[in-house]
Amino acid sequence: MENKETNNRQDINSEMDYDYYAEAEETLSEPLKLKLEKIKRLSEKGVTLYAENYKKNTSVSQLKEKYSNLAPGEKSDEIYRIAGRLMIFRVHGKAAFCDLKDSDDKIQLYLNIKNIGEEKYNSFLDLDIGDWVGIEGNVFVTHKGELSINVAQYCLLSKSIRIMPEKWHGLKDVELRYRQRYLDFIVNPEVKKVFLVRIKVVEAIREFLNSHGFLEVETPMLQSIPGGATARPFTTHHNALDMQLYLRIAPELYLKRLIIGGFEKVYEINRNFRNEGISHKHNPEFTMVEFYQSFADYNDMMDLTQEMFKFIALKSLGSLSFTYKENEVSFDGSWEKISMIDSIEKYGGLKVSFDMSVEDLKKIAKEHGIEVDPRFKKGKIINEIFEKTVEQHLIQPTFIKDYPIEISPLARKHPKNPELTERFELFIGGDEVANAFSELIDPKDQISRFKQQASSTDEEERQTGKIDFDFIKALEYGMPPAGGEGIGVDRLVMILTDSKSIRDVILFPLLRLEKE
């Protein structure tokens with residue numbers, strides 16, 4: 001087909017060399033060899049394999065919406081220009097059907113040798129599944145009731161060289177799906193829907209926080225001291241300054257500096273990096289939203305969180321109810337708020353307290369098959385018991401509050417128990433998805449906590465317990481009472497889309513290097 005988009009372009013087909021495939025791969029499959037030979041023939045004929053541009057005037061979803069009431073046998077005389085990827089061919093003698101898939105949806109193409117001529121018809125049949133094409137034609141509905149385009153003109157926009165897979169075959173190809181995510185989107189439309197939900201979730205977070213007076217900010221990803229969480233950091237070196245730097249594990253200490261500086265409400269949708277293991281809930285690079293509010297505490301954060309999650313669910317799913325791990329979850333109504341100690345008794349059937357000795361707590365853990373590090377003190381033992389006996393029961397949204405001070409170095413002490421802090425975590429479907437607390441604003445108490453971390457027997461605590469003296473200095477200028485929170489965006493999307501792995505909701509998760 002001749003068209004104005006393909007005129008006046010530099011013809012580079014004669015310069016293209018496909019021998020590099022033989023160099024890159026020891027053996028080429030027979031179908032790929034045949035396809036490369038066909039592409040070479042097309043190139044020698046002067047066929048333009050890669051167009052410079054194509055001006056379309058509609059999309060598949062727009063056509064389906066506009067002609068949803070068209071009856072079988074009816075047609076529209078208006079000519080449309082549409083573009084997409086060819087997916088399925090069905091040839092019936094002098095007529096052919098083909099599916100065209102664009103970014104939104106797919107539609108059937110119909111070609112008849114009488115309408116476009118034998119030469120163009122045969123040239124179209126020489127195209128392959130996976131090729132990008134531009135199509136001109138009118139819309140009609142087949143006698144079987146399928147909306148279709150009667151093709152009058154077409155042009156090749158981009159030649160697909162690789163053989164397009166028909167479909168993925170179960171879990172054995174999961175690694176390949178993650179590695180070649182672009183193919184995953186092409187052959188598994190439901191995967192794309194997950195990421196469309198993710199996009200809506202992030203948009204909803206911004207909309208909600210902006211509407212509540214929060215200001216979006218950006219803080220450093222390269223930090224001289226890793227802080228704001230307990231995790232093993234990634235390290236790097238800045239040559240010009242000759243100094244070691246860390247990829248941030250959390251933006252917390254910088255966001256608090258802004259609160260000290262007079263910003264009343266701030267948030268950041270950020271990428272964090274933790275040099276730890278990979279699991280269905282952990283990826284070394286992940287997304288969080290952290291927000292801080294002056295003149296608030298962890299009770300205010302619970303109320304705000306419940307309101308936010310309901311807003312996010314309605315915006316991204318259109319519903320407050322959904323399925324996760326074969327359980328029906330509802331964001332409707334008021335959510336349970338219960339202390340960690342009380343939850344262990346309610347859900348685990350065990351009575352523990354800080355009045356017990358370390359030996360007694362270790363004994364309870366051992367009796368229930370819970371292994372604890374011999375160096376653990378009361379707070380860590382109680383937390384270990386909680387994780388093993390309670391978390392899996394927290395299906396409906398539940399705020400677990402009042403965490404041990406031993407595992408909460410940045411949270412304010414609980415006024416009724418110095419062993420605890422005003423901290424909560426939100427659990428949904430048995431997974432922790434948010435962490436918040438009344439912020440510690442006493443510089444003397446904060447430096448004491450930092451020192452305890454720095455002298456810890458736990459390597460991760462020592463690495464992230466380096467004392468940030470600049471932050472202490474900032475606290476000494478005075479920080480107003482504040483509440484702060486971090487929400488794992490990836491985990492929230494997992495829950496809302498019923499995804500089994502965090503890698504299902506990250507476009508390009510970290511993978512081992514592919515074997516050559």
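The values are calculated or read from the model by the stated rules, or taken from the named source; none is laboratory data. These numbers were taken from a predicted model, which means no experiment stands behind them. Cβ: placed from backbone, ideal geometry, glycine included. Neighbour counts: every protein chain shown.
Side notes on the structure shown:
- Looking across region 251-266, just one residue is under 25 Å from the mean Cα position of the chain (by Cα) and in a loop (DSSP other than H, G, I, E, B), and that is P251.
- Taking region 359-382 as the range and being surrounded by fewer than 19 Cβ atoms within 10 Å (Cβ to Cβ) and either under 20 Å from H414 (Cβ atoms) or in contact with a Pro (Cβ under 6 Å, 6 or more places away or on another chain) (or both) as the test, the residues that pass are K377, K380.
- Helices (runs of 4 or more DSSP H) contained in region 267-381 and holding at least 1 residues of a type in the set (F, W, Y) and in the same structural domain as G483 (by TED's automatic domain parsing): 298-316
- Failed item, numbered, when R41 is tested on (1) assigned to a loop (DSSP other than H, G, I, E, B); (2) surrounded by fewer than 13 Cβ atoms within 10 Å (Cβ to Cβ): (1)
- Residue match in region 314-330 (condition: under 23 Å from G484 (Cβ atoms), in contact (Cβ under 8 Å) with a residue 40 or more places away in the chain and surrounded by 18 or more Cβ atoms within 10 Å (Cβ to Cβ)): no
- Some residue of region 70-84 being touching a residue at least 40 places away in the same chain (Cβ under 8 Å), in contact with a Ser or Thr (Cβ under 6 Å, 6 or more places away or on another chain) and assigned by TED's automatic domain parsing to the domain that holds L36: yes
- Residues that are touching a residue at least 60 places away in the same chain (Cβ under 8 Å) and more than 21 Å from F291 (Cβ to Cβ) within region 227-270 comprise R232, P233, listed in sequence order.
- Region 188-202 residues that are assigned by TED's automatic domain parsing to the domain that holds M308 and modelled with pLDDT under 95, paired with ones that are assigned to a helix (DSSP H, G or I) and surrounded by fewer than 17 Cβ atoms within 10 Å (Cβ to Cβ) (beta carbon under 8 Å, 6 or more apart): V191/F185; K192/F185
- Of the helices (runs of 4 or more DSSP H) lying entirely inside region 48-149, those containing at least 1 residues that are surrounded by 13 or more Cβ atoms within 10 Å (Cβ to Cβ) and touching an Asp or Glu at 6+ places or on another chain (Cβ under 8 Å) span 60-66.
- Tally of residues being in contact with a strand residue (DSSP E or B) (Cβ under 7 Å, 6 or more places away or on another chain) and of a type in the set (K, R) across region 481-511: 1
- When we screen R449, R412, R503, R512 for residues that are of a type outside the set (V, I, T) and in contact with a Ser or Thr (Cβ under 7 Å, 6 or more places away or on another chain), the only hit is R412.
- Unique residue being in the same structural domain as R491 (by TED's automatic domain parsing) and in contact (Cβ under 8 Å) with a residue 60 or more places away in the chain when the list is F140, F208: F208
- Residue match in region 211-233 (condition: at negative phi, assigned to a helix (DSSP H, G or I) and assigned by TED's automatic domain parsing to the domain that holds S408): yes
- Some residue of region 155-168 being at pLDDT below 85, more than 30 Å from E78 (Cα to Cα), surrounded by 14 or more Cβ atoms within 10 Å (Cβ to Cβ) and among the acidic types (D, E): no
- Every condition in (1) surrounded by fewer than 17 Cβ atoms within 10 Å (Cβ to Cβ); (2) touching a Gly at 6+ places or on another chain (Cβ under 9 Å) is met by S294 except one, and the failing one is (1).
- In summary, I385 fulfils each of the numbered conditions (1) over 30 Å from I441 (Cβ atoms); (2) in contact (Cβ under 8 Å) with a residue 40 or more places away in the chain; (3) in the same structural domain as M494 (by TED's automatic domain parsing) with the single exception of condition (3).
- Members of region 488-511 found to be part of a loop (DSSP other than H, G, I, E, B), under 20 Å from I205 (Cβ atoms) and small (G, A, S), listed by number: S499
- If you go through region 150-159 and keep only what is part of a strand (DSSP E or B) and touching a helix residue (DSSP H, G or I) at 6+ places or on another chain (Cβ under 8 Å), you end up with N150, V151, A152, Q153, Y154.
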